[in-house]
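Each remark here refers to the structure printed beneath this line.
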Amino acid sequence: MSLDPRELREVEGALILDPTFDDPASHLRFHVDGRVSSESPEGKATVKLLDLNRSDLIEERHRALRAFAHQLISGDIIAGQGVLSTGISENPFAHSGAVTQVIRLLLVERSSAETSVEELAEQINSMPASERQALADELLSDISPSDQLSGASPAPESYLASAGIRRRIPNIRELPSAEHPITRVEISNFKALRHIEFNLPNSVADEENSPCMLLLGENATGKSSVLEAMTLAVIGATEAAELDRTIKHEDLSPRNLIHRPDPYHWDQTADAMAVKLSFLDSEHEIELTAEAGDERFWGSDHCSKVVLGYGPRRFFTSRKTRRLRAPANRVRSLFDPMDMIANPIFWLSDLDDEAFFAAARALREVLMLDVEDDFERDKDPDTPGQIYIRQGDQRVAMKDVSVGYKSVIAMVCDIIRELLYHYDNLEYACAVVFIDEIETHLHPRWKMQIMQLLRRAFPKVQFIVTTHDPLCLRGMYDGEVFVLQRSPADNVERVENLPSIKGMQAEQILTSEFFGLGSTDPETDARLVRYNRFAARIEDLNEDEQAEMARLRDELDDGMVLARLCMSRPMPRPSRPA
């Protein structure tokens, strides 16, 4: 007896999508960068089996989206065979299903209105020129602005392919310093920095780790400026211009960032600025330059490494958002205090098992979970998308953990997400990650281990960070820690001849040249020593010790000062609280 095809499908329980029965749009989600993600088990199986994210398919979809964007600016959109198309290529319907879904999602996000394909085409064709341009800009958001076509006439795919249009999302094989850590930094006339140089170690004691860099210093000594200068150089002049364009409330053009030597005559600037980075075992150097009055940087034009950047206010969104992957978007948090980190729960929920287990391993390391602790995905169809952290007999939803935990989880997942985009294995994934005020949201026990934990989770990633907290120096090697100070002439300079950090206790770090607290206030020093002894065993404190630690913390917040270090090293004198 033969079965009806529909009955046969029910019996088989097929995991692969059949376009004659299934609606691909219900299982697959296409993105502006040409990639496709899955919305169901059937979608995941189909993407994996058919290798729908192979590079040639991604590029073809991306070309179709670009062609559609240019036609959108200058001509009408066609509706036919249930999809939108431009009608300007030899096959006007090539990848138009993916294009249609991307357009539909962008418009639905704006108006929350579901429409047919014919109504969608009519809606687009009736848009004012400004709205059509805005929609085209979103589709072109992964193309370098300097490489976009003028849109004066329709641009067929064959022309786009030959026009040398460069995607803003870097291909790992095109990054000249992808696997080479930064070993030398030279910055001239950038914000408060007149001229400063750093030589990072070529290697560290643990040969599996990439050399890192930690910057210390009072407020307003230029720590964040060093991070910003290095970040702009790594992403390159084109992405720096895009960053300036996208952050409306911040002027990131050279004319605003160039050093102003006289605070009483703000209109007077240095003649030129420059940032130069060198890399280990590489002849490639990158340089970002500008002269007084320039509106954009010159020099190295394109991104040189996989790069991420996070400012001190590492906010995270509670809703599902679109995460842009161009370098300027990946470092925006450093320059835009209101930038949000994507919620990791939605991303973790959609990962295939292999990627989820890799992410869980890295998270377990950074969150200091035990080997038997783990992350679980909710399989209950009534509560889809939940992620739980299991510790012993406790099971806590990730959405319910503390703000500090959420902040770290969001940042670490954001790093994992970017690395897995470029690499198959986190142990070999190379990148440079800039973090301003790494101690934010961390309790003392976490501060003392954060650098070691990050290095364990991402051994080939180079972390360039700033901090005000001596506990964060634990896990750093000699030559990786730099202290900035203001000289009597009010220039920002490096403190030379720092002691070896190896084996230092927290109280020794506090009273060393790294923090310059010395004996300016014996009572404060005594409080610091006792506070850090409590911090070193925070998990084992009894109630009386916890109360005393809280009292010491309040007293230190009220009275602790960070000494001003001078070149001649006299007895440090107190300054404003850090």
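The values are calculated or read from the model by the stated rules, or taken from the named source; none is laboratory data. Given the structure is predicted, the values throughout are model-derived calculations rather than measurements. With ideal geometry, Cβ positions are generated from the backbone for all residues, glycine too; neighbour counts draw on all protein chains shown. SASA here: full protein model, heavy atoms, side chains in, ligands and nucleic acids out. Shrake-Rupley method; radii C 1.70, N 1.55, O 1.52, S 1.80 Å.
For the criterion of being under 23 Å from GLN485 (Cα atoms), small (Gly, Ala, Ser) and surrounded by fewer than 24 Cβ atoms within 10 Å (Cβ to Cβ), SER224 passes.
I need a count of the residues in the stretch 434-450 that are under 18 Å from LEU216 (Cβ atoms), out of contact with any Lys or Arg (no Cβ under 7 Å at 6 or more places or on another chain) and open to solvent by less than 30 Å² (accessible area, probe 1.4 Å). Residues flagged as under 18 Å from LEU216 (Cβ atoms), out of contact with any Lys or Arg (no Cβ under 7 Å at 6 or more places or on another chain) and open to solvent by less than 30 Å² (accessible area, probe 1.4 Å) within the stretch 434-450 amount to 7. Checked against the criterion of being under 21 Å from GLN452 (Cβ atoms) and basic (Lys, Arg), the candidates ARG377, ARG390, ARG364 yield just one match: ARG364. If you go through the stretch 330-360 and pick out every residue that is buried (at least 18 other Cβ atoms within 10 Å of the Cβ) and without any contact (Cβ under 8 Å) to a residue 12 or more places away in the chain, you end up with 1.
When restricted to residues that are surrounded by 16 or more Cβ atoms within 10 Å (Cβ to Cβ) and in contact with a His (Cβ under 7 Å, 6 or more places away or on another chain), the stretch 393-420 contains 2. Would you confirm whether any residue within the stretch 262-271 is closer than 20 Å to SER300 by Cβ and either part of a loop (DSSP other than H, G, I, E, B) or of a type in the set (A, V, I, L, M, F, W, C) (or both)? No, the conditions are met nowhere in the stretch 262-271. Of the residues making up the stretch 21-41, one or more are modelled with pLDDT of 80 or more, in a helix (DSSP H, G or I) and closer than 24 Å to ASP352 by Cα. If we keep just the residues of the stretch 466-521 that are more than 22 Å from ASN202 (Cβ to Cβ), at pLDDT 65 or above and among the polar types (S, T, N, Q), which is surrounded by the fewest Cβ atoms within 10 Å (Cβ to Cβ)? Taking the candidates together, the pick is SER487. GLN268 meets each of the listed conditions (1) more than 22 Å from the chain's Cα centre (by Cα); (2) farther than 23 Å from LEU484 by Cβ; (3) buried (at least 16 other Cβ atoms within 10 Å of the Cβ); (4) polar (S, T, N, Q) apart from (3).
Among (1) at pLDDT 95 or above; (2) assigned to a loop (DSSP other than H, G, I, E, B), where does ALA205 come up short? The failed condition is (1). Screening the stretch 473-488 for residues that are part of a loop (DSSP other than H, G, I, E, B) and touching a residue at least 60 places away in the same chain (Cβ under 8 Å) and picking the one that is farthest from the chain's Cα centre (by Cα) gives PRO488. For the stretch 522-551, a tally of residues being in a helix (DSSP H, G or I), surrounded by fewer than 14 Cβ atoms within 10 Å (Cβ to Cβ) and either among the basic types (Lys, Arg) or at pLDDT 75 or above (or both) returns 7.
Within the stretch 421-431, one or more residues are within 21 Å of ASP33 (Cα to Cα), of a type in the set (D, E, K, R) and either loosely packed, with under 15 Cβ neighbours inside 10 Å or at pLDDT 95 or above (or both).
For the stretch 175-196, filtering for residues that are in contact (Cβ under 8 Å) with a residue 40 or more places away in the chain, not small (Gly, Ala, Ser) and not in a loop (DSSP other than H, G, I, E, B) leaves 11.
Quick grid of which residues meet (1) of a type in the set (Lys, Arg); (2) more than 23 Å from SER177 (Cα to Cα); (3) crowded, with 16+ Cβ neighbours inside 10 Å:
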site	(1), (2), (3)
GLU283	no, no, no
GLY293	no, yes, no
HIS302	no, no, yes
TYR310	no, no, yes
